[in-house]
Ligand SMILES: [Zn+2]
């Protein structure tokens with residue numbers, strides 16, 4: 001959901017299209033400036049997103065880079081993340097999705113350490129039942145989190161804290177070269193998740209097709225069935241029993257680039273149902 005018009009308006013759009021779970025930003029994703037939220041709006045969103053409601057996932061804005069070697073950027077990132085965690089907690093979020101960051105030529109080891117430190121600083125301000133979900137990235141440049149090994153290293157550096165989980169983005173995985181188009185390929189991938197993530201759970205899936213081919217290392221989302229992944233591969237992914245309990249949200253451009261609508265949601269449900277049928281052997 002776009003957060004245009006405020007977080008309560010975004011919730012309204014999500015529920016009116018029949019969503020069972022939703023995701024939004026709590027400020028414009030490409031600027032540092034924090035948005036102002038009325039206490040009443042946050043309270044009403046928290047009431048609607050709580051038990052029996054429509055769970056909310058908050059995506060942290062894109063400028064936040066805990067791994068930045070630039071002291072100024074690192075400080076801004078830390079302050080901004082703390083603020084966004086505070087707003088997400090007030091809005092009753094079930095999870096907060098964070099791109100690990102980019103080490104900008106300062107080296108992977110250093111970057112991983114800086115991210116773990118940054119994550120540790122906000123963990124105690126998470127609301128109860130809220131987790132911090134590290135998202136896999138499409139790779140390219142010095143971004144961290146393109147492999148499950150790197151995400152697993154991060155989880156370990158964060159002391160295997162139970163509040164830390166993983167968000168898997170189907171487009172990013174595809175662009176990072178993970179071929180889950182066959183059931184064998186998906187089994188291999190799930191085996192790697194089980195081996196590398198320790199106790200960390202997949203708390204959310206970002207269900208998207210890809211504008212770029214397998215292994216292209218570029219973050220370019222496409223509408224379901226209109227990209228290089230295709231509906232069948234997305235079904236193989238979504239139907240795997242390992243992901244059966246994980247909620248999923250769409251981050252597709254939508255028709256006219258207006259974001260996902262009811263028809264995208266229906267297609268997503270068909271993808272999941274078809275995938276479950278495949279894995280059940282039917
Ligand atoms: Zn994503």
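Read the figures in this text as sums done on the coordinates, not as results from a lab. Fair warning: this is a prediction, and the values are worked out from it, not measured in the lab. Cβ placement follows ideal geometry from the backbone for every residue including glycine, while neighbour counts extend to all protein chains displayed.
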>> What are the extents of the Cα atoms of segment 29-101 along their three principal axes, in Å, largest first?
In response: 43, 22, 16
> Cα centroids of segment 141-157 and segment 182-251: how far apart, whole angstrom?
Replying inline: 17
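Relative contact order for the chain: what percent, with Cα pairs under 8 Å and sequence separation of 6 or more?
Value for the chain: 13 percent.
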> For the chain, what is the mean residue ellipticity at 222 nm derived from helices alone (per DSSP H run of n ≥ 4: -39500 (n - 2.57); sum divided by total residues; nearest 500 deg cm²/dmol)?
Replying inline: -13000 deg cm²/dmol
> How many percent of all Cα-Cα pairs in segment 175-282 sit more than 25 Å apart?
Replying inline: 18
> Using the beta-carbon distance between residue 184 and residue 157 and R0 = 45 Å, what value does 1/(1 + (r/R0)^6) give for FRET efficiency, to the nearest 0.05?
Replying inline: 0.90
> Radius of gyration and Dmax for segment 85-150's Cα atoms, expressed in Å?
Replying inline: 13.0, 37
> What share of the DSSP beta bridges in segment 7-279 is antiparallel, in percent to the nearest 5?
Replying inline: 15
> For 153, 124, what ranking results if the residue with the fewest other Cβ atoms within 10 Å of its Cβ goes first?
Replying inline: 124, 153
>> Counting only Cα atoms, I'd like the Rg/Rh figure for segment 7-279, Kirkwood definition for Rh.
In response: 0.94
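State the antiparallel share, in %, of DSSP beta bridges confined to segment 105-228, rounding to the nearest 5.
That works out to approximately 20 percent antiparallel.
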> By how many nm would the segment from residue 43 to residue 123 grow when fully extended, if each residue of separation counts as 0.36 nm and the alpha-carbon distance is taken off?
Replying inline: 26.6 nm
